[in-house]
Amino acid sequence: MDNTNLYHGRIKLMIAENQGIILQSLISLIGSFRDFEITGTAADGKELLKKLEVDKPDVILLDVKKPGLSAIEVTRIIDDKMPWVKVISLSRHNHPYFIKEMLKHGAKGFLSKNCTVEELHEGIRSVFNGKTYFCNLCSKVILRDYASDSEEGAVDFRTITPREIEIIGYLSDGYSTKEISGKLFISDKTVERHKSNLLKKMKLRNTAQLVRVAVENGLLLH
């Protein structure tokens, strides 16, 4: 492992968090850990990517959401351009779909915002040392997903396509069919067909239910 990025033996850490009060709490908490050095913070994905070249972290604690770049999109860009930087997802949404997408695009750790202080510290250290880390809650989510793979009658969220996830995101932000078609450069009929397929897959009756279930299950791209 290349440890040239360490500052006096400390792990260099960046925090990307949309919510200011949570960001300040994390800065205060992590500042009490003697083996970490916070090199920078960002309020969204675009700001994070801009600062990376200057702040040069070893590990990033990431929780950014739309509008703007999602956590999945940011992780993919970092893994492509700076694969030596380790990304840890820190989120209140811990649906298996989100965790698997983050893994696929290069994330190395998963921490729930309900994790313990000990898990936060251990997770950062483990990921820096080349391991993949799941807090206790995220581990249980993955195990439950594995156990329910063959459960009869359950909604299989893995059948929902990236395009359908994108459309749910726009619906949750209040966009109309015509506005979504303009954003995605597809026809109104195509948007309606995606909505109809989603309702069938998720066994729901209307768009309001669709958005509610998507939010509850962490389907919206972070």
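The values are calculated or read from the model by the stated rules, or taken from the named source; none is laboratory data. Keep in mind that this is a model prediction, so the values were computed, not measured. Virtual Cβ from ideal backbone geometry, glycine too; neighbours counted across all protein chains shown.
Data for the structure
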| read-out | value |
| --- | --- |
| Residue match in the range 45-64 (condition: surrounded by fewer than 21 Cβ atoms within 10 Å (Cβ to Cβ), touching an Asp or Glu at 6+ places or on another chain (Cβ under 9 Å) and under 20 Å from G20 (Cα atoms)) | no |
| Some residue of the range 139-161 being under 25 Å from E73 (Cβ atoms), assigned to a helix (DSSP H, G or I), modelled with pLDDT of 85 or more and not hydroxyl-bearing (S, T, Y) | no |
| Hits in the range 41-63 - residues which are touching a strand residue (DSSP E or B) at 6+ places or on another chain (Cβ under 9 Å) and in a helix (DSSP H, G or I) | G45, E47, L48, L49, K50, K51, L52, V54, D55 |
| Cβ-Cβ under 8 Å pairs, at least 6 apart or on other chains, the range 17-35 side in the same structural domain as V64 (by TED's automatic domain parsing) and within 19 Å of A71 (Cα to Cα), far side at pLDDT 90 or above and hydroxyl-bearing (S, T, Y) | E17/T41; L23/T41 |
| Those residues of the range 188-222 which are modelled with pLDDT under 85 and acidic (D, E), in sequence order | E216 |
| Criterion violated by D79 - all others in (1) surrounded by 17 or more Cβ atoms within 10 Å (Cβ to Cβ); (2) outside any helix (DSSP H, G or I) satisfied | (2) |
